[in-house]
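One structure is given here, and the rest of the page talks about it.
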Amino acid sequence: MKPFFRLLGRAAAVLLPGWPELGARWWLRRRGRYYVWPPGLRLQLNLDRAALPELESPVRFEINRDGERGSDVPTAEKNLYRVLVAGGSPVEGLFLDQCSSWPGALQRRLETPESLRILGASRVHVGNIGRSGVASPALDLIFERVLPRYRRLNAIVIMVGGNDVFQWLENGAPPSLRPRPLPASWVFSWHPEGPFGWRLSELALVELLRRLRQRVLSGVEVRDRAGKWVEKARAMRARAKTIDRMPDPTAMLNHFDDHFRKLLLKARAGADRVLVVRQPWFEKDYSHDERAHLWHGGVGKPWREEVTTYYSIEVVCRLMGLMDQRAARVADELGIEQLDLMPILEPSLETYYDFVHFTSTGAAAVAAAVAAALLRGAASVIEQSGRRYGHDSRRGRVAGPVDEEAQDTAVQRLSSDRGNFVRTGRV
């Protein structure tokens, strides 16, 4: 019997240290959540002044406990109006300060006394889960994995579509697109799917410790010369071969249509209101300086490789227009509110610092338009109910009477910002 016990002892010596790791993997897979951004992340971006002279620097980029760019969600607020904003890099606003990004500016506009009265709220929270590179398939996956951990939201605001065009062109504008699953690691900073191994960096225990440190002990991570690659990307486009032929966009548009419908239905199931903010772009008869600011439309990924062939900006604009028409049609067919920003935003370098990304001035204009749309929609819902009351739909409470004069003043003020008229509703 002694050899048996010696063998058993050796097996235990090998296996017992693995039980904590196996338990960590089980816990992550059963209880782990999906986060677009790691909760607790804090960045300070010192922008490269040669590449981005028109933007403020340094930039604060801070992620709250829920994995959103924004402040922490008030936990004891009775009448909280909670908005979730999602999409790609124009939503993320990486090179804009926390409060200068349009979701950050949107919260400030919705927290004025007049706006709170219209919304029937005591506080407003706007959480931003936008991330660079997110196209409609990725946002569809984000909503599938992230929305279940939220209580019902008051509103979800969506801006997506540009990356569907850009990524299709990056891959050479293929005539067909096959559905393929997206790895969680492509979309989420934190997720429970691993893959886990037995090297130190691959252990679930190490991942849990890393997350604990991020939440509790992490300081501000400073990144110098952020955005330097933008200058290189602009130079690549300026010297590249240009394709003026319009590729057949049928496959790209159908692919976008399919995922856009799915993500809108998921959003509608998770919120009282869904607002589609259609992706705007910088289109005009460009001056030499304006054209020099553009870098999108390459056959390849200019932020990580040398790109020698680009589609002309005119072709990219036509593709963006087709994508926008499809987005409008889908939202209309599903009866979802939409906001067209193209008639609102001035096509200039005061609004955009490249083809789709906003300056702080442009972001403020977007925030004003979105706030006016949300407030006008809230006023419409109140009127249709036959009662001039604000309603906290999440808790089922009537918050109190709305001052009609204050309501009209707030909506008119937001709608007239920068002399622009905000057009919402079905197209």
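The values are calculated or read from the model by the stated rules, or taken from the named source; none is laboratory data. Here the structure is a predicted model, which means the values were calculated and not measured. Virtual Cβ from ideal backbone geometry, glycine too; neighbours counted across all protein chains shown. We work out accessible area using only protein heavy atoms, side chains counted, and drop any ligands, DNA or RNA first. Shrake-Rupley method; radii C 1.70, N 1.55, O 1.52, S 1.80 Å.
Within the accessible area of segment 61-173, what % is carbon and sulfur when the probe is 1.4 Å and the other protein chains stay in place?
Solvent-exposed carbon and sulfur of segment 61-173 make up 46 percent of the total.
Taking a cut-off of 29 Å between Cα atoms, list the lysines near Lys241, but don't count ones fewer than 8 places away on the same chain.
Lys228, Lys232, Lys284, Lys301
Cβ under 11 Å from Ala233's Cβ, Ala233 left aside: what net charge do those residues give with Lys, Arg +1 and Asp, Glu -1?
On the way: positive: Lys228, Lys232, Arg234, Arg237, Lys301, Arg304; negative: Glu231, Glu305, Glu306, Asp354.
Taking every Cβ under 11 Å from that of Ala233, the sum is +2.
Expressed as a whole number of Å, what is the distance separating the alpha-carbon centroids of segment 103-125 and segment 133-205?
30
Give me the Kirkwood hydrodynamic radius of segment 97-238, using the inverse of the mean 1/r over all pairs of distinct Cα atoms, in Å to one decimal. Could the numbers behind the result be given before it?
Values: mean 1/r = 0.0516 Å⁻¹.
Result for segment 97-238 stands at 19.4 Å.
Using a probe of 1.4 angstrom, how much of the accessible area of segment 189-229 is carbon and sulfur, in percent?
57
How charged is the neighbourhood of Arg42? Take every other residue with its Cβ under 12 Å from the Cβ of Arg42, and add Lys/Arg as +1 and Asp/Glu as -1. Walk me through the intermediate numbers first.
Values: positive: Arg60, Arg69, Arg215, Arg223; negative: Glu62, Glu221.
Within the 12 Å Cβ shell, the charges total +2.
Between beta-carbons, use under 13 Å as the cut-off and find the net charge around Arg25, counting Lys and Arg +1, Asp and Glu -1. Please report the intermediate quantities before stating the final value.
Values: positive: Arg29, Arg30, Arg31; negative: Glu21, Glu193, Glu202, Glu207.
Residues close to Arg25 contribute a combined charge of -1.
How much of the DSSP beta bridge set in segment 69-219 is antiparallel, as a percent to the nearest 5?
So the antiparallel bridges amount to about 10 percent of the total.
Taking the Cα centre of segment 146-288 as origin, work out the dipole magnitude from +1 charges on Lys and Arg Cβ and -1 charges on Asp and Glu Cβ, in debye rounded to 20. Each step should come with its number before you reach the end.
Working: 26 positive and 15 negative charges, 86 e Å.
Once rounded to the nearest 20, the dipole reads 420 debye.
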